[in-house]
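Here's the structure, in structure tokens; my notes come after.
Values in this text are rule-based calculations from the coordinates and carry no lab data. Owing to the predicted nature of the structure, the values given are computational and were not obtained by experimental measurement. Positions of Cβ are generated from backbone atoms using ideal geometry, with glycine treated the same way; all protein chains shown enter the neighbour counts.
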Amino acid sequence: MSNLTTLSITDDSGFLAIINADKYNSFVDDKWTLSQLFERFVDEMNRDNLIIWSTGSENTWTVNFVNKPSDKKSFREFSKTMTVTDGQIFLTNYEDLTMSAQYEDAKIPSKNNVDLCIKLDNGIYEFKIRRLFDPTHYEHKAGDVDFEIVVLSNLKATEQKVDKVFWWSK
């Protein structure tokens, strides 16, 4: 992994995710409910195939993937492990996750987001997601980095269970 990879992604629903598309079990039901969908998200996070979080609002976000945190103060942060099995992970959004949950032939990454890829060696990684802004007082400006994802490699398997989508209060 390079020292810094910057990606930009649209978010029309207030959620972003990184995903191991090789292992993620996307299809839920052609008439899924919100409860079913979020249960799938939690299950897949506990299988180390997905990390999803609430962004706090809709926007086009700039995300930096780095090997070590910057000096910027984070408003919030959390860490979660994920496994890489196909030499890559993808940055994705709620829209792609819901399409693949509803249609068996819809896969992640979508054709619109196939370039939002981070190449990594296979293995277990810890991803520290750092929100670099206060969502209650935020005005995005061109060039701002909104989220910083610190990637730590060569980890051993750990038992890290979650029970909800990060930073989602419902």
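Couplings 3J(HN,Hα) for region 142-149, derived from phi with the Karplus relation 6.51 cos²θ - 1.76 cosθ + 1.60 (θ = phi - 60°), are 3, x, 5, 9, 8, 10, 10, 10 Hz, where x marks Gly and Pro.
The HN-Hα couplings worked out from phi for region 132-138 by the Karplus form 6.51 cos²θ - 1.76 cosθ + 1.60 (θ = phi - 60°) are 9, 8, 8, x, 7, 9, 10 Hz, whole numbers, x standing for Gly and Pro. Counting only other residues whose beta carbon sits under 13 Å from that of residue 74, what net charge do I get with K and R as +1, D and E as -1? Summing Lys and Arg as +1 and Asp and Glu as -1 gives +1. Across region 87-170, C-alpha contacts under 8 Å between residues 6 or more apart give a mean separation that, scaled by the residue count, equals a relative contact order of 28 percent. Neighbour counts of C-beta atoms inside 10 Å place 146, 29 in the sequence 29, 146, starting with the fewest. Ranking of 85, 55 by neighbouring Cβ atoms within 10 Å, starting from the fewest: 85, 55. Taking square-rooted eigenvalues a ≥ b ≥ c of the alpha carbon gyration tensor, is region 118-163 rounded, prolate or oblate, where a/c under 1.5 means rounded and, failing that, a/b exceeding b/c means prolate? Oblate is the answer for region 118-163, as a/c is 1.5 or above yet b/c matches or exceeds a/b. Karplus-based coupling profile of region 76-88, in residue order and whole Hz: 8, 7, 8, 10, 8, 7, 8, 9, 9, 10, 10, x, 6, with θ = phi - 60° in 6.51 cos²θ - 1.76 cosθ + 1.60 and x standing for Gly or Pro. Can you classify region 4-155 as rounded, prolate or oblate using the Cα gyration tensor, where a ≥ b ≥ c are the square roots of its eigenvalues, rounded means a/c under 1.5, and otherwise it's prolate if a/b beats b/c and oblate if not? It comes out oblate by the Cα gyration axes. Loop only by DSSP, 16 or fewer other Cβ within 10 Å of the Cβ. Give me the GluC sites (Glu not before Pro) in region 96-170 that pass, ordered by residue number. The qualifying sites are 104, 139, 159. The antiparallel fraction among DSSP beta bridges confined to the chain stands at about 90%.
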